[in-house]
Amino acid sequence: QVQLVESGGGLVQPGGSLRLSCAASGSFFSIYTMGWYRQAPGKQRELVATITTGGSTNYADLMKDRFTISRDNAKNTVYLQMNSLKPEDTAVYYCNANIRYKLGYPAQAHWGQGTQVTVSS
């Protein structure tokens, strides 16, 4: 059983910064693309950023100038550095990872439980 455990959310003032972390634990063969998504109240879940095992990144246009995704493959951990936060960034942020349990089996998408980020003065 694989678990994705997020941390680092909280309350921050507009213009502030937060760093989210997501660590994968459990028994698996390999982790591929990891990423962050977010869901604001009353809205659909949306892409924030993804990163491949090799470090190639993809960002949603609204976040690419303020957010930075990174990963530590040795620690099976993905990070999201968020700067210049705005009230509209308020949402639950979810970690996502494509994980292959065993060689020869297809990779499956896994989600973390989510961490709340609130940007407010």
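The values are calculated or read from the model by the stated rules, or taken from the named source; none is laboratory data. Quantities reported herein were computed from a predicted structural model and do not represent experimental measurements. Every residue, glycine as well, gets a Cβ built from its backbone with ideal geometry; the counts of neighbours run over all protein chains shown. With ligands, DNA and RNA removed, areas are computed over all heavy atoms of the protein, side chains included. Shrake-Rupley method; radii C 1.70, N 1.55, O 1.52, S 1.80 Å.
Structure values in brief
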item	result
Single unsatisfied condition, Gly104 versus (1) open to solvent by 50 Å² or more (accessible area, probe 1.4 Å); (2) modelled with pLDDT of 95 or more; (3) part of a loop (DSSP other than H, G, I, E, B)	(2)
Breaking point among (1) farther than 16 Å from Gln113 by Cβ; (2) in a strand (DSSP E or B), for Ala23	(1)
Subset of the range 37-54 [open to solvent by 50 Å² or more (accessible area, probe 1.4 Å), over 14 Å from Thr77 (Cα atoms) and in a loop (DSSP other than H, G, I, E, B)]	Pro41, Gly42, Lys43, Gln44, Arg45
